[in-house]
1. Listed residues Asp118, Asp73; which is in contact with a Phe, Trp or Tyr (Cβ under 8 Å, 6 or more places away or on another chain) and at pLDDT 95 or above?
2. Just to verify a result, which residue in segment 18-63, among those that are under 16 Å from Asp109 (Cα atoms) and either polar (S, T, N, Q) or modelled with pLDDT under 95 (or both), is nearest to the chain's Cα centre (by Cα)?
3. Filter segment 35-83 for residues that are without any contact (Cβ under 8 Å) to a residue 24 or more places away in the chain and among the basic types (Lys, Arg) and give the result.
4. Does Ala15 satisfy the condition of being among the aliphatic types (A, V, I, L, M), modelled with pLDDT under 50 and in contact with a Phe, Trp or Tyr (Cβ under 6 Å, 6 or more places away or on another chain)?
5. Here's a check for you: in segment 114-134, which residue that is in contact with a Ser or Thr (Cβ under 7 Å, 6 or more places away or on another chain) and assigned to a loop (DSSP other than H, G, I, E, B) is surrounded by the fewest Cβ atoms within 10 Å (Cβ to Cβ)?
6. Can you list residue pairs whose Cβ atoms sit under 7 Å apart, with the first residue in segment 114-143 being without any contact (Cβ under 8 Å) to a residue 24 or more places away in the chain and the second being buried (at least 20 other Cβ atoms within 10 Å of the Cβ)? Count only pairs 6 or more apart in sequence or on different chains.
Amino acid sequence: MRLLVLLLVAVEVSALPLHTSWLASRAEAPTADVIQKTDKYALDLSLKEFNKVAEKKEPGLDWSTDGCSKVPDDPLGFPFKKACERHDFGYRNLANQDRINSDTRKQVDQRFRKDLKDTCSEQEKGTRTVCKVVADTYYAGVRVFGGAHAKKKNNGNEAAKDGAKEEAADIEARDVDPEAYAEYLRRKAISDAVVADVLARREAGLPDTMEDGDEMEVRW
């Protein structure tokens, strides 16, 4: 039950508190080279290529990350952490450069979606559908909640929200898009059912695999 709550109540993947390095980097205007590298690393490279670049931590860019933030890095064993780290990179560096807006945020979110999809495609046959259902909720979560955090970052606000409790309490006050929130709830309901079934199977000692694509609405 704890896993279910962590996984599905507060999907704030990459809804990140600020770091002092982030604030310091805002003092200087980014060079054309930094902007070009940001776009390439955040959007163009495959996730595996990005991971290799991230190991070097080139100067002039913000490599700070807290993984998948308030949700598990590896829900049900699926390795989502690297995708979350790249999502962090995109949000934080675009914000550093005063380039975070609805269009650029959508680009980073869509790249996150593809990274999750690619990660799920690499899982064992029979587990990919479950992986995609969970990933669907992670993606829907950043579409709903990421915008508010991007705005806070762009304004230099270091205060972090308190997670699930505040998400439920002030959804309207945070100016969340109603259509995006409705889609998040739809996907969350599907994911709730799938995760609950997997946990029940594990508790009963049964395999948690299923035929890929069976009886699940997974839209990519």
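1. None of the other options fit; the residue is Asp73.
2. Ser46
3. Across segment 35-83, the qualifying residues are Lys40, Lys48, Lys52, Lys56, Lys57, Lys81.
4. The answer is yes for Ala15.
5. Gly126
6. Ser121/Arg128
The values are calculated or read from the model by the stated rules, or taken from the named source; none is laboratory data. Fair warning: this is a prediction, and the values are worked out from it, not measured in the lab. Methodologically, a virtual Cβ is constructed for each residue, glycine included, from the backbone with ideal geometry; neighbour enumeration extends over all protein chains shown.
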